[in-house]
1. Of all the accessible heavy-atom surface of the chain, with the other protein chains kept in place and a 1.4 Å probe, what percent is carbon and sulfur?
2. Normalised by the number of residues in region 200-310, what is the relative contact order in percent for Cα pairs under 8 Å and 6+ residues apart?
3. So what is the 222 nm mean residue ellipticity for the chain from helices alone, if each DSSP H run of at least 4 adds -39500 (n - 2.57) and you divide by all residues, rounding to the nearest 500 deg cm²/dmol?
4. What residues qualify as long-range amide H neighbours of Met44, i.e. H under 5 Å apart, gap of 5 or more or another chain, H built at 1.01 Å from N?
5. Explain nothing, just compute: Karplus ³J(HN,Hα) = 6.51 cos²θ - 1.76 cosθ + 1.60, θ = phi - 60°, for every residue of region 101-113 in order, whole Hz, x for Gly and Pro.
6. Taking R0 as 56 Å, what FRET efficiency do you get between Asp459 and Asn191 from their Cβ-Cβ distance, rounded to the nearest 0.05?
7. On alpha-carbon atoms, Rg over Rh for region 289-385 using Kirkwood Rh?
8. Treating only the Cα positions of region 30-155 as identical point scatterers, give the base-10 log of I(q)/I(0) from the Debye formula at each q in 0.13 Å⁻¹.
Amino acid sequence: MLYLAALLVHCVPLAMGQYDICKSWVTTDDGPSWEFYACQPKAMRMKDYVTVRVDPAGITCGDPPERFCTHENPYLCSDECDASNPDLAHPPKLMFDSEDEGLATYWQSVTWRRYPEPLLANITLSWNKSIELTDDIVITFEYGRPTIMMLEKSLDNGRTWHPYQYYADDCMEAFSMPARRVRDLSTTSANRVLCTEEYSRWAGSKKEKTVRFEVRDRFAIFAGPDLKNMDNLYTRLESAKGLKDFFTVTDLRMRLLRPALGGTYVQRENLYKYFYAVSNIEVTGRCKCNLHANLCTFKEGSLQCECEHNTTGQDCGKCKKNFRSRSWRAGSYLPLPNGSPNACAAAGSAFGNCECYGHSNRCSYIDFLNVVTCVSCKHNTRGQHCQHCRLGFYRNSSAELDDENVCIECNCNQIGSMHDRCNETGYCECREGATGPKCDDCLPNYYWRQGCFPNVCDDELLLCQNGGTCYQNQRCICPVGFKGVLCQQSRCEVDKKDCDSAPGAGGSLATVALGVLALQLRGWVDL
Ligand SMILES: *[C@@H]1O[C@H](CO)[C@@H](O)[C@H](O)[C@H]1NC(C)=O
Ligand SMILES: *[C@@H]1O[C@H](CO)[C@@H](O)[C@H](O)[C@H]1NC(C)=O
Ligand SMILES: *[C@@H]1O[C@H](CO)[C@@H](O)[C@H](O)[C@H]1NC(C)=O
Ligand SMILES: *[C@@H]1O[C@H](CO)[C@@H](O)[C@H](O)[C@H]1NC(C)=O
Ligand SMILES: *[C@@H]1O[C@H](CO)[C@@H](O)[C@H](O)[C@H]1NC(C)=O
Ligand SMILES: [Ca+2]
């Protein structure tokens, strides 16, 4: 069995089934041993593993039941959609079933009763797994293709979305974009997001049913018309920035923006013939396993790579525990034909025992110290073995030394703290008056204004005198006739002619004395 696998690796014509073996048992001059290769799972029909969501609520026809007709037969509106009758219902799942006996089953929207308000629907497909597209996405519309629609994709399970392709019968009018064709793209623009008019014009609803996202045409830019030169494609995928990611998705969304119009203007007197009906959405791709797995299985409702090369994670995106002596890397299609496995390595096995806890791939020998040390430690680590945190970072106590999250940024408040370093529990060193782990609070009796300053006045000890009011602990607003930090000083002491007009002149000597005393206690006033 193993011998057979080894044989296969060397005999398989490497055009299509390339990279489908992760390892094989080979015999060399030094005896038998494992040899490892970059590997990827086979392409699959991804619609079998998808979850779908159709928005907005109530966009699916049949609740309440309604009549509709087709562009071919616009005056015979006897067709009915009724969600409560299995024979007349058109739920979303019918976009993903297999069409038996050539009879199309389809999801259908409500009709455009609310014209001229737009008829909008979103169809969102989610895999909860990154997928690499290997063939065209093909969406089949039963009663005419939308005149305006948009395809969006997400790479992070629906947290953020990006346009993937625009479709309109008039790109300029709908999206202010010039119409382009994927076939006209070049090697440098293969991952351009464009607007196409190829799939939106009216050609009869039975004749032209499909809307495509052309993956093959984009591949063909590198691999030639029949995708014969896959080596060139794989080389490009490896080297051209962003190209691999362009074909990678976790979610897709079709935004249906205007239905088929039957090649003419909207006829308001018959809105029953405007709706969307999708019978199939074909998505062909493979699980993204970072070239560390050739199997992808459906477990507990999600696709999951069966990771090799001592990697782990849903996408084989990290090294297994105790296999982190160098940092994780994706496998590579290069060098052709077998690629590089870039396997994770057990501690101590990598480069003559220089452990870097997975934060560096390189060691260097320092002659005059006679030590081997890790070079360019990543993940904010430093030290001979990348075992310390960089200045301004502290050790994450819930992470192992070989965890990517091992160092946490101190995040000291720039104004409130002495410097941007912190102690082992993340506490920063605060300037006078500041407090809190990050020094972004003030101690009691201090107020924040570009740093912490001692209160000038407050409601307890540092009362403003003679009817003055304390403004944000920063100063007393004194009534006419008084001045001083706490309004403790009558103006008539300075200018006798004020004395008669000053309200409350002479004031309560006792309170003034108390206020001054308080100031004195805090070292503010020298009497
Ligand atoms: C469709 O999704 C987009 C975001 O991708 C959102 O802005 C829009 O409101 C959604 N439309 C409907 C009808 O839910
Ligand atoms: C998504 O996949 C992950 C990893 O397999 C799993 O833990 C999680 O429960 C899945 N989430 C959903 C919503 O299925
Ligand atoms: C993974 O670890 C096991 C156990 O140490 C080892 O036998 C195997 O060769 C390793 N695989 C790779 C690809 O390094
Ligand atoms: C600390 O490490 C754990 C384990 O990796 C991680 O889940 C957590 O997010 C890290 N904490 C911070 C603040 O980064
Ligand atoms: C870090 O500083 C805080 C506040 O000064 C202190 O409570 C804590 O014990 C210190 N932690 C260590 C490990 O020194
Ligand atoms: Ca169907």
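The values are calculated or read from the model by the stated rules, or taken from the named source; none is laboratory data. Here the structure is a predicted model, which means the values were calculated and not measured. Every residue, glycine among them, receives a Cβ derived from its backbone with ideal geometry; neighbour counts consider all protein chains shown. Surface areas here come from the heavy atoms of the whole protein model, side chains and all, with no ligands, DNA or RNA. Shrake-Rupley method; radii C 1.70, N 1.55, O 1.52, S 1.80 Å.
1. 50 percent
2. Dividing the mean separation by the residue count of region 200-310 yields 15 percent.
3. -2500 deg cm²/dmol
4. Residues meeting the amide H criterion: Gly285, Arg286.
5. Listing the rounded values in order: 6, x, 8, 6, 10, 8, 7, 9, 8, 5, 7, 7, 4 Hz.
6. Working: r = 64 Å, r/R0 = 1.14.
Efficiency for this residue pair is about 0.30.
7. 1.08
8. -0.68
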